[in-house]
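For reference, the structure discussed in these notes is given below.
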Amino acid sequence: MIIDDQFYDVIIVGTGAGGGTLTRKLAEAGKKILVLEQGEFTEKESSELVEVEVFKKEDYHAEEQWYDLDDEPFQPQTSYCVGGNTKIYSGALLRLRERDFEQVQHQDGISPEWGLKYQDFEPYYTEAEQLYRAHGKAGDDPTEPSRSKDYPLAPVERAPQIQTIRDRFAQYGLHPAYLPIGIGDEGRTDSEDTGVSPAIKAGKDVTLKTSAKVVSLHTNPAGTEVKGVEAEVKGQSYLFMGHIVVLSCGAINSAALLLRSANEKHPQGLANSSDLVGRNLMKHLMTVILQQSPQPNSGLFQRTLYVNDFYWGDKDFPYPMGHIQDSGGILQDVIFSESPPLLSVAAKLMPGFGLKQLAKRSIGWWLQTEDLPEPHNRVYFKGEKLHLDYTPNNLEAHDRLLYRWQEVLKATDKKSRGIHPHGSTPTQVVAHQCGTCRFGEDSQSSVLDLDCRTHDLDNLYVVDSSFFPSSAAVSPALTVIANALRVGDRLIERLA
Ligand SMILES: Cc1cc2nc3c(=O)[nH]c(=O)nc-3n(C[C@H](O)[C@H](O)[C@H](O)COP(=O)(O)OP(=O)(O)OC[C@H]3O[C@@H](n4cnc5c(N)ncnc54)[C@H](O)[C@@H]3O)c2cc1C
């Protein structure tokens with residue numbers, strides 16, 4: 001093993017929404033940082049893909065096998081590269097709602113209260129929207145939380161067909177709103193272009209090692225601090241050292257790394273005295289509805305519309321149902337990545353249509369419902385095999401959303417037809433994974449304290465989506481980014 005002769009202020013593992021953002025924040029404060037990322041640099045996928053061939057692409061899925069509840073292997077839909085999953089995400093940047101931070105009764109159980117409230121996150125949401133260049137417009141959605149500043153940039157103009165649909169929804173009595181999207185000079189903003197690369201280009205004290213997979217964390221003999229970070233860098237074993245170690249490997253991989261680093265003082269895995277590391281995995285219930293319409297569209301446009309009228313329920317269902325957003329032009333990449341066989345399945349239902357033709361006659365709708373934290377939904381190892389036991393819950397709320405949305409589509413465009421090609425989200429779809437190291441004040445019922453420092457080890461932090469106590473129903477990235485900025489402030493104070 002090669003022992004690196006440098007000593008860093010902070011070692012950050014992973015460069016996604018959490019790690020990439022934190023890198024920039026700490027670099028600007030002049031800290032000496034080592035960033036370890038198991039992937040390589042990759043091109044951002046164009047948001048204007050025209051080749052339907054891309055439906056078959058698996059390039060963005062990790063070349064790994066994980067195992068499900070039935071011990072069946074699967075390839076997880078997650079991306080290992082500089083920028084992590086923000087390299088393939090859709091750039092929808094939504095704040096959680098104020099009530100998402102409170103205890104909420106759902107049809108299928110309780111969504112727990114967060115130890116911090118919306119007002120604690122608000123300044124960081126603002127900072128995150130500035131950094132990631134959020135285009136949006138406040139005021140149309142009654143569920144929208146209060147804001148100290150308007151969006152930094154005007155909303156993206158809607159495609160004519162989406163504008164027509166929006167008007168029909170409004171006539172029907174809904175409150176369609178502009179979907180906030182992060183867009184920079186080169187397309188969607190991501191945590192490489194916004195986080196890691198600017199820090200390096202500005203000549204800050206940042207060392208980035210790619211193809212550097214962290215395999216274990218080593219503690220001091222008392223087990224109170226991480227002393228060494230062991231990584232395989234381009235096939236060679238290294239040991240790195242620093243004052244503070246921050247994991248941001250994504251909720252599943254951060255939990256896996258903690259569990260894999262078990263030692264004499266931490267026999268159940270690092271930071272796991274509560275036995276909660278890896279548990280309470282959430283990943284949203286997600287369904288796509290394809291709205292077939294006789295009017296053609298370009299097939300190439302950004303996501304620009306969301307509807308939250310059923311976020312907290314409906315007239316005959318007093319429980320949260322979820323969030324709906326348009327998928328953008330159906331020829332775009334994100335549908336392909338999140339649900340590759342989508343159009344192929346739709347094509348079977350509509351013989352006689354080519355895929356491209358079908359895409360130009362379709363509007364996709366993403367429906368997302370909050371799933372509830374349950375200890376048996378978890379990440380763990382059986383020998384060397386990484387297991388994901390996940391049984392979806394809160395299904396009735398999601399079904400209600402699905403049927404209600406089909407009703408809305410029918411009522412607002414009699415000529416259109418809604419198809420939903422697959423049932424509940426398969427285990428391999430882990431795009432919105434969160435919750436595996438929840439934060440809180442009590443070390444018995446949480447893994448991290450409110451600064452996202454592990455209760456058990458003084459210099460170990462986690463800043464990816466692991467910290468979420470509940471998954472809410474809006475997309476998670478802006479909250480991960482805002483939290484990384486918040487934890488960044490705590491680390492700067494500590495290192496001062
Ligand atoms: C197709 C798709 C579309 C999405 N669209 C949206 C959207 O529009 N809006 C939204 O809010 N969210 C969206 N998401 C979710 C969003 O991308 C994630 O919530 C966010 O990226 C999570 O950030 P993170 O820091 O937790 O982890 P990630 O972004 O997953 O980053 C983790 C990083 O850690 C690295 N890593 C893992 N293990 C190790 C290790 N052992 N050693 C070294 N490095 C390691 C990985 O390679 C990766 O780069 C989407 C996700 C997907 C997949």
In the range 395-445, what residues are more than 16 Å from the ligand (Cβ to nearest atom), in contact with a strand residue (DSSP E or B) (Cβ under 9 Å, 6 or more places away or on another chain) and among the hydroxyl-bearing types (Ser, Thr, Tyr)?
-> Ser416, Ser424
In the range 162-196, anything among the polar types (S, T, N, Q) and either under 16 Å from Tyr306 (Cβ atoms) or not in a helix (DSSP H, G or I) (or both) is listed as Gln163, Thr189, Ser191
Of residues in the range 249-274 being within 9 Å of the ligand (Cβ to nearest atom) and in a loop (DSSP other than H, G, I, E, B), the one surrounded by the most Cβ atoms within 10 Å (Cβ to Cβ) = Gly250
Out of curiosity, is Asn272 at pLDDT 95 or above and out of contact with any strand residue (DSSP E or B) (no Cβ under 6 Å at 6 or more places or on another chain)?
-> yes
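A quick yes/no check of all residues on (1) modelled with pLDDT of 95 or more; (2) away from the ligand (no atom under 11 Å from the Cβ):
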position	(1), (2)
Tyr60	no, no
Gln75	no, yes
Thr78	no, no
Ile88	no, no
Leu93	yes, no
Phe101	yes, yes
Val104	yes, yes
Lys117	yes, yes
Quick one: what pairs do we get from the range 404-416, first residue hydroxyl-bearing (Ser, Thr, Tyr), second in a helix (DSSP H, G or I), C-beta under 7 Å, 6+ apart or different chains?
-> Thr412/Arg168; Thr412/Phe169; Thr412/Tyr172; Ser416/Leu409
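Filter the range 234-248 down to the residues that are within 13 Å of the ligand (Cβ to nearest atom) and more than 17 Å from Thr224 (Cα to Cα), then identify the one that is surrounded by the most Cβ atoms within 10 Å (Cβ to Cβ).
Residues of the range 234-248 that are within 13 Å of the ligand (Cβ to nearest atom), as a first pass: 234, 238, 240, 245-248.
Still in the list and also more than 17 Å from Thr224 (Cα to Cα): 234, 238, 240, 248.
Numbers: Lys234: 10, Tyr238: 19, Phe240: 24, Ser248: 32.
The qualifying residue surrounded by the most Cβ atoms within 10 Å (Cβ to Cβ) is Ser248.
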Which residues, counting only those in the range 283-298, are surrounded by 23 or more Cβ atoms within 10 Å (Cβ to Cβ) and assigned to a loop (DSSP other than H, G, I, E, B)?
-> Lys283, His284
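The values are calculated or read from the model by the stated rules, or taken from the named source; none is laboratory data. Here the structure is a predicted model, which is why all the values come from computation and not from measurement. Glycine gets a Cβ as well: all are built from the backbone with ideal geometry, and neighbour counts include every protein chain shown.
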